[in-house]
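The values are calculated or read from the model by the stated rules, or taken from the named source; none is laboratory data. Quick caveat: nothing in here was measured; it's all calculated off a predicted structure. Don't worry about glycine lacking a Cβ; one is built from the backbone with ideal geometry, like all the others, and counts go over all protein chains shown. Please note that ligands, DNA and RNA were not included when accessible areas were found on the heavy atoms of the full protein model with its side chains. Shrake-Rupley method; radii C 1.70, N 1.55, O 1.52, S 1.80 Å.
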Amino acid sequence: MGDRSSACSILHVDMDAFYASVATRDRPDLQDVPVIVGGGHRGVVLSANYLARQYGVRSAMPNTRARRLCPQAVVVPPDYDLFGQVSSSVMENFRRVTPLVEVLSMDEAFLDVRGSVRRLGTPLQIAEQLRATVHDEQGVTCSVGVASSVSVAKLASRRAKPDGVVVVPPEEVTSFLHPLDVGELYGVGEKTQAMLHRLGLITVGDVAHTPLRTLQRAVGEGLGAHLHALAWGTDRRAIVARNVSAFGGGDPDKSMGAQETFGRDTDDREVILREMLRLTAKVTSRMRVAGVAGRTVAITVRFADFTTITRSRTLPEATDVTQEIYRTATGLYDALGLQRARLRLVGVRVEGLVPRGTVHRQLVLGERERGWSDADRAVDRVTLRFGSAAVRPASLLS
DNA sequence: TCTGGGGTCCTAGGACCC
DNA sequence: TCTGGGGTCCTAGGACCC
């Protein structure tokens with residue numbers, strides 16, 4: 001095998017229509033009908049099976065539009081517990097192949113199989129074994145891209161879909177990459193794609209042959225350098241064995257937040273603040289489980305016309321105390337001075353998370369004396385700044 | 001009946017400090 | 001007087017990914 005196969009040892013495994021596949025796995029009645037996972041009255045499509053996709057249904061599409069495109073589709077609500085279980089089992093299958101598994105999300109992972117070829121065969125053979133195992137044991141299919149770098153492997157798996165494998169040997173990297181639309185590149189979304197197209201950069205090859213400086217002037221220093229590297233397939237990022245933090249064992253979160261779209265737009269301050277309290281409690285509860293505290297409190301407000309703003313404030317000390325965060329959030333909200341603006345969504349997020357152990361105990365644990373006096377001082381600050389009305393919602397707590 | 005929810009990273013300006 | 005140049009922190013917005 002030698003150089004050629006070991007140079008091509010990165011696998012990107014991507015489950016096919018994961019949520020939809022899992023949701024219909026044990027439902028013979030749903031095998032041959034279009035299926036949409038999502039539903040919910042103001043929501044979007046989370047996943048659609050390939051039958052539904054034939055009607056133009058796509059992930060992230062508003063449910064309303066999806067239903068118009070495919071009225072006969074069966075809509076299934078998501079069962080995240082089940083998705084998580086299947087995902088964990090699949091990732092376990094991967095780890096039997098190699099310990100170098102980098103989980104990207106519930107349905108995606110990179111594997112470096114360089115150390116497994118002697119035991120298991122060529123990367124292509126490993127990919128096929130993996131696909132067979134996942135299918136037999138989990139009853140869902142996946143697609144695999146094989147290449148010498150993570151970015152090319154990821155693009156190859158997309159090309160392999162559904163239920164296939166694509167290998168891109170090193171000598172074919174540029175002929176594989178350059179005909180693709182720039183929008184295929186990781187980090188190029190709708191906006192950047194449109195901007196690049198306006199500049200006449202349609203394909204990855206166009207980007208590759210644009211001077212780095214020109215590219216950076218157009219899309220910014222960081223993204224420009226990133227795109228240039230991707231366009232030549234020269235990124236050498238190594239795979240880091242890790243899980244996503246939702247499953248434990250991943251990198252620590254840098255922020256935690258919660259947001260919710262109202263069933264109906266509202267301008268009712270009581271309703272809005274009650275929702276913010278609920279979201280704050282949800283976040284601090286997760287923070288306590290993770291053992292973290294944070295210094296910066298940010299709120300998100302989305303108006304009926306979908307314009308969205310954020311406001312944030314950094315506290316002197318990290319905290320995980322619901323009252324403190326809620327009080328800061330309401331202070332930020334009231335400082336907006338909204339009159340009768342109708343809101344579609346509110347959100348609360350805590351940033352700058354650090355392990356709770358590194359913070360002064362008194363502030364974090366909400367112990368009676370220091371905790372309450374801190375709370376009092378926070379009330380004083382908010383009152384001083386925004387007037388007593390800003391503090392009143394705290395009474396919702398009692 | 002348009003447009004979720006969880007995140008990360010980048011940019012840019014102003015404050016502030018040395 | 002003609003005006004430095006980092007570096008870091010904070011805030012706001014925006015783009016992107018799954």
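Given R₀ = 35 Å, what would the calculated FRET efficiency be for A:Thr64 paired with A:Glu171, taking r from the Cβ atoms and rounding to 0.05? The pair A:Thr64/A:Glu171 has a calculated efficiency of 0.15. On the basis of the beta-carbon distance and an R0 of 25 Å, A:Ser105 and A:Arg42 show a calculated FRET efficiency of 0.60.
Computed from Cα atoms alone, the Kirkwood hydrodynamic radius reported for the stretch A:1-170 is 16.6 Å.
Distance between the modelled labels on A:Gln72 and A:Arg198, one decimal in nanometres: 4.3 nm (7 Å Cα→Cβ projection). Share of carbon and sulfur in the accessible area of the stretch A:1-99 stands at 53%, probe radius 1.4 Å. Averaged over its residues, chain A has an accessible area of 51 Å² per residue, based on protein heavy atoms and a 1.4 Å probe.
How large is Rg/Rh for chain A, to two decimals, with Cα atoms and a Kirkwood Rh? That ratio is 1.02, to two decimals. Protection proxy ranking for A:137-145, A:26-34, A:212-220, using the average of other Cβ atoms within 10 Å per residue and placing the highest first: A:137-145, A:212-220, A:26-34. The distance between label points at A:Arg342 and A:Gln54 comes to 4.0 nm (points 7 Å beyond Cα on the Cα→Cβ vector).
For the stretch A:178-231, take the alpha-carbon Rg, divide it by the Kirkwood Rh, and send me Rg/Rh.
Ratio value, two decimals: 0.89.
Its Cα gyration tensor gives the stretch A:154-272 an equivalent ellipsoid; the semi-axes, largest first and in whole Å, are 34, 23, 16.
Considering only protein heavy atoms and a probe of 1.4 Å, how much of the accessible area of the stretch A:178-231 is carbon and sulfur, as a whole percent?
Numbers: 1620 of 2940 Å².
After summing per-atom areas, the C and S share lands at 55 percent.
Each part gets one Cα centre, and for the stretch A:164-184 versus the stretch A:300-346 those centres are 45 Å apart.
Please give the Cα centre distance for the stretch A:115-140 versus the stretch A:232-253, rounded to the nearest Å. Result: 21 Å between the Cα centres. Mean separation of Cα pairs under 8 Å and 6 or more residues apart, divided by the residue count, gives chain A a relative contact order of 13 percent.
For a straight C-alpha distance cut-off of 23 angstrom, the lysines reachable from A:Lys154 (same-chain residues fewer than eight places away being disregarded) are A:Lys191.
Each residue, A:Thr358 and A:Arg237, gets one label point 7 Å from its Cα in the Cβ direction; the gap between the two is 2.4 nm.
What 222 nm value per residue comes from the helices of chain A, counting each DSSP H run with n ≥ 4 as -39,500 (n - 2.57) and dividing by all residues, nearest 500 deg cm²/dmol? Kindly include the intermediate steps, with their values, before the conclusion.
Details: 17 runs with 170 residues, N = 398.
That calculation yields -12500 deg cm²/dmol at 222 nm.
Here the extension length gained between A:Ala281 and A:Gln85 equals 67.9 nm, from 0.36 nm per residue of separation less the Cα-Cα distance.
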